[in-house]
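These notes concern the structure reproduced below.
The values are calculated or read from the model by the stated rules, or taken from the named source; none is laboratory data. Everything quoted here is computed from the prediction, not taken from an experiment. So basically every Cβ, Gly included, is an ideal-geometry build from the backbone, and we count neighbours across all protein chains shown. With ligands, DNA and RNA removed, areas are computed over all heavy atoms of the protein, side chains included. Shrake-Rupley method; radii C 1.70, N 1.55, O 1.52, S 1.80 Å.
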Amino acid sequence: QVQLVESGGGLVQPGGALRLSCAFSGSGFGIYVMGWYRQTPGKQRDVVARITSGGFTDYVESVKGRFTISRDNAKNTVYLQMNGLQPEDTAVYYCHARGTARRYWGQGTQVTVSS
């Protein structure tokens, strides 16, 4: 059974930075497409960034040039480095793992950007 545990959220001022981490427990981390999603109250959960097992990445347009997703297959961990944070980035951020047959979600971590 796969479990995902996020960490690294918090309160930051506009223009600041945070790094989110997602620890993957279970087998087969290397074959999963890993992603970060975010959700605000009353809205759907949207993809922010994804990374394939081969290291290919894609981002939602609004975070390109500010956020970087990466993975460490030796540590079974995926990261989201967030720079230049803005109030509109405020959301609960969720880690996601997509395999060939199953998908998994973490419990989410709150990111609040406010002065």
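Worth a mention:
- Among strands (runs of 3 or more DSSP E) entirely within segment 45-115, having at least 1 residues that are touching a Pro at 6+ places or on another chain (Cβ under 6 Å) singles out 109-113.
- Number of positions in segment 17-44 that are at pLDDT 95 or above and either polar (S, T, N, Q) or assigned to a strand (DSSP E or B) (or both): 17
- Pair list, Cβ < 6 Å and 6+ apart or interchain, from segment 8-33 residues that are more than 28 Å from residue 86 (Cα to Cα) to residues that are in a loop (DSSP other than H, G, I, E, B) and of a type in the set (A, V, I, L, M): 26/2
- Members of segment 13-46 found to be of a type in the set (Asp, Glu) and either open to solvent by less than 60 Å² (accessible area, probe 1.4 Å) or touching an Asp or Glu at 6+ places or on another chain (Cβ under 6 Å) (or both), listed by number: none
- Just one residue in the set 91, 49 is small (Gly, Ala, Ser), open to solvent by less than 30 Å² (accessible area, probe 1.4 Å), within 17 Å of residue 112 (Cα to Cα) and free of Cβ contacts under 8 Å to residues at least 60 places away in the same chain; that residue is 91.
- Within segment 77-115, the residues that satisfy the criterion of being more than 13 Å from residue 10 (Cα to Cα) and hydrophobic (A, V, I, L, M, F, W, C) are 78, 80, 95, 97, 101, 105.
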